[in-house]
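Written below as structure tokens is the structure these notes are about.
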């Protein structure tokens, strides 16, 4: 029987003539007590530390965060909006906060809604110190995000040189291929990151490595001029062509559709005349693609 029915039954059981005013007050008090007991007293509130944990992470309050993670085991896996607290700490660019969460045995290779690991989040923020720590704690540099990019590929495409050097120093394979068979050097060429290309070649990257369409990094660079929205060549393009040729890139290496850097240079010589000249278009130094 519900509290409301109990109160109603008690009131109906008494004749109206025997129902003095002070008794009404007592019945009302009884009803209030029954209701309060039913809806609050029997259902004690349970403390949820998740909001406090998230606030500690976003404000880099490491002392409070360490205490909360110790008092409430399991909170190191808490996530909000598809991001774990370790992802948030890496994006928030605070090494000490990242350290506290990792020491609480959080999953260092957990992925967010974009299939990014905390390592990839730290790279997005160009934080070599956080990257260094995560790699030392066995973060996996082979894991790809939703775009099929590894940490080194992401760092290369953005030109984050110090982050690249940390990854390379930790033994990352500079020629590691992903699903489309591309490497960090392909990405650096596609993004026109000259210094990143220098760094990868210095670390032993293969200059003529092929992707799944048989394109070399030099071929990818020249194919950029096929986009009608792309601007004409600039000093960066010229520098990259010189660098790749000096490293031994073959201007006549044909891709899947029988196009080579040299044939592409000939095709787009109006928008890339200096690159075309470097590839032998005007002097005849470049042979026709086989």
Could you go through segment 174-189 and let me know if any residue there is under 20 Å from residue 127 (Cα atoms) and assigned to a loop (DSSP other than H, G, I, E, B).
yes
Taking first residues from segment 67-79 that are free of Cβ contacts under 8 Å to residues at least 24 places away in the same chain and second residues anywhere that are assigned to a helix (DSSP H, G or I) and surrounded by fewer than 20 Cβ atoms within 10 Å (Cβ to Cβ), the pairs with Cβ under 8 Å that are 6 or more apart or on different chains are 68/52
Matching residues in segment 76-128 - criterion: being under 9 Å from the mean Cα position of the chain (by Cα), assigned to a loop (DSSP other than H, G, I, E, B) and buried (at least 19 other Cβ atoms within 10 Å of the Cβ):
112, 116, 117
So which residues in segment 209-223 are at pLDDT 95 or above and in a helix (DSSP H, G or I)?
217, 218, 219, 220, 221, 222
Segment 144-166, residues that are under 12 Å from residue 195 (Cβ atoms) and not in a helix (DSSP H, G or I):
159, 160
May I ask you to verify whether residue 237 is assigned to a helix (DSSP H, G or I), under 32 Å from the mean Cα position of the chain (by Cα), closer than 22 Å to residue 153 by Cβ and at pLDDT below 95?
no
Hey, can you tell me all the residues within segment 167-198 that are touching a helix residue (DSSP H, G or I) at 6+ places or on another chain (Cβ under 7 Å), free of Cβ contacts under 8 Å to residues at least 40 places away in the same chain and buried (at least 24 other Cβ atoms within 10 Å of the Cβ)?
167, 184, 185, 186, 187, 188, 193
Exactly one condition in (1) in contact with a helix residue (DSSP H, G or I) (Cβ under 8 Å, 6 or more places away or on another chain); (2) modelled with pLDDT of 95 or more; (3) surrounded by fewer than 19 Cβ atoms within 10 Å (Cβ to Cβ) is not met by residue 226; state its number.
(2)
Would it be correct to say that residue 206 is at pLDDT 95 or above, part of a loop (DSSP other than H, G, I, E, B), under 22 Å from residue 121 (Cα atoms) and out of contact with any helix residue (DSSP H, G or I) (no Cβ under 6 Å at 6 or more places or on another chain)?
no
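The values are calculated or read from the model by the stated rules, or taken from the named source; none is laboratory data. Values in this document were obtained by computation on a predicted structure and should not be read as measured data. So basically every Cβ, Gly included, is an ideal-geometry build from the backbone, and we count neighbours across all protein chains shown.
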